[in-house]
Structure formats: structure tokens, C-alpha cells
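Data block below; observations after.
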Amino acid sequence: MPDARGAGKRVVDAVAKRAAEVKAEVDAEYQRAREAGEMAEEVDTTALVTKLRDIEPSATNAGVIKTAQAELIRLGGAERAEDGSLVPGKLSLDKLEELRKTVGVGGRKDATNAHFAGEIKKAIDLATENAGGDIYRGARAKYRAYAEEFKNRKIVADLITTKRGTDERRVALEDVHKRTIKDGSVDEITKLRD
């Protein structure tokens, strides 16, 4: 029998290397946008604040909501009114991207937080959709392509990530062949190959 662990490691290393290369390209594009001043543009946070208000009743079960509110205030994109409600303001694209990352991390806790993190990130994406220059929009497009290839494809994401809160791989190296080729669907295998 061939060395299943060695073969799995080669597959995982190749996928992880490609993911790192694409992520570096994305990061470089964002840096270019920063250097060109495109991420300094300020965006109105009204739609984001409205989304946070709408989902606030779920904050008891989804800490990412309170995290997003606190971070939005800390970054200067909103403030608290005397009655405790959020008052929208403006925030640079760079700071909105920082908020988006914070929300993404907060969404990793569990399925409930992941759901609301997704809603918050959609609101951020809508707020930034037509903002910034061509370089910034190019960076966003590259990030979306990166996420589609390496984060949103479960089979690929499972190969290169660990279980939450551990250093244990989602797919053990010796199980890569079984998970991808033997038990994977044709669509999953095609996505992995691409």
C-alpha cells in the first residue's frame, strides 16, 4: 500500500502553498491601494449601523454582534447616543477592512457567530461596494476569488485548516485520499483539482 500520509502531505502542502501565494497577492494589492490613498476614502456607516441595530436582539447568543459594535465605535465609525443606541458616522475603507477582519475572527467561535458575522460582513461589503478607486476594487475582487477558491470550498478549506481551538488538522494527512478521491463528489474533486 502506498504511503497515504506522505501522499496526503504532498497534496496538502501544494494546496497550502498555492493559498499562501494567492493571499500574498491579495495583501500586496491592498497595500498598493493604501499607498495610492484609495483606502483613505470615508464611507457612511448608516447601513452598517442599521444592520447592527436589527440583529442586536441576538447579541446574547452571538458575541460577534457586540464585538462589531464596540470595534466600530473604537475605530470612530459610530458613537453611542445618550439612550445607548448607535449613531452612525463615517469610516475609512482601511478601517472598515480592519473591522471586517475582526468580525471574521469573531465569527469563528461557533455556527451562530458565523451566521451573524456573515450578515455583518455583507453589510460592510455593501457599504464599500462602489467606494475607493480601481486598485481597491481590484483588491476586493482578488480577495473574493481567494475566498471562493480556498475558504468557501469545504473540501479545500478542510485540507488546509485546523479544528477550532486546536492544532489538530481537519483532515488527517493519512485521510486526504479517502476524503478527497474516495469519498469526495465529482464536484469536490473538480474544485480541488482546479
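The values are calculated or read from the model by the stated rules, or taken from the named source; none is laboratory data. No experiment lies behind these values; they were computed from the predicted model shown. Cβ: placed from backbone, ideal geometry, glycine included. Neighbour counts: every protein chain shown. We work out accessible area using only protein heavy atoms, side chains counted, and drop any ligands, DNA or RNA first. Shrake-Rupley method; radii C 1.70, N 1.55, O 1.52, S 1.80 Å.
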**Q.** Filtered residues of segment 76-91 (kept if open to solvent by less than 20 Å² (accessible area, probe 1.4 Å) and outside any loop (DSSP other than H, G, I, E, B))
**A.** Ala78, Leu86, Leu91
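Is there a residue in segment 31-41 that is in a helix (DSSP H, G or I), touching a Leu at 6+ places or on another chain (Cβ under 6 Å), buried (at least 17 other Cβ atoms within 10 Å of the Cβ) and touching a residue at least 24 places away in the same chain (Cβ under 8 Å)? Walk me through it before giving the result.
We begin by selecting, within segment 31-41, every residue in a helix (DSSP H, G or I); these are 31-35, 38-40.
In the following step, the residues that additionally are touching a Leu at 6+ places or on another chain (Cβ under 6 Å) were identified as 39.
When the remaining residues are screened for being buried (at least 17 other Cβ atoms within 10 Å of the Cβ), the result is 39.
Applying the additional criterion that residues be touching a residue at least 24 places away in the same chain (Cβ under 8 Å) yields 39.
Looking through segment 31-41, at least one residue is in a helix (DSSP H, G or I), touching a Leu at 6+ places or on another chain (Cβ under 6 Å), buried (at least 17 other Cβ atoms within 10 Å of the Cβ) and touching a residue at least 24 places away in the same chain (Cβ under 8 Å).
Just to be sure, is Thr67 open to solvent by less than 20 Å² (accessible area, probe 1.4 Å), in contact with a helix residue (DSSP H, G or I) (Cβ under 8 Å, 6 or more places away or on another chain) and of a type in the set (Ser, Thr, Tyr)? First the steps, then the outcome.
Details: open to solvent by less than 20 Å² (accessible area, probe 1.4 Å): no; in contact with a helix residue (DSSP H, G or I) (Cβ under 8 Å, 6 or more places away or on another chain): yes; of a type in the set (Ser, Thr, Tyr): yes.
Spelling it out, it is not the case that Thr67 is open to solvent by less than 20 Å² (accessible area, probe 1.4 Å), in contact with a helix residue (DSSP H, G or I) (Cβ under 8 Å, 6 or more places away or on another chain) and of a type in the set (Ser, Thr, Tyr).
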Q. Is it the case that Lys178 is surrounded by 12 or more Cβ atoms within 10 Å (Cβ to Cβ), modelled with pLDDT of 85 or more and out of contact with any Cys (no Cβ under 8 Å at 6 or more places or on another chain)?
A. no
Q. For segment 102-154, what are the residues that are open to solvent by less than 20 Å² (accessible area, probe 1.4 Å), among the charged types (D, E, K, R) and in contact (Cβ under 8 Å) with a residue 60 or more places away in the chain?
A. none
Q | Residue in segment 49-57 that is in contact with a Leu (Cβ under 6 Å, 6 or more places away or on another chain), buried (at least 16 other Cβ atoms within 10 Å of the Cβ) and without any contact (Cβ under 8 Å) to a residue 60 or more places away in the chain present | A | yes
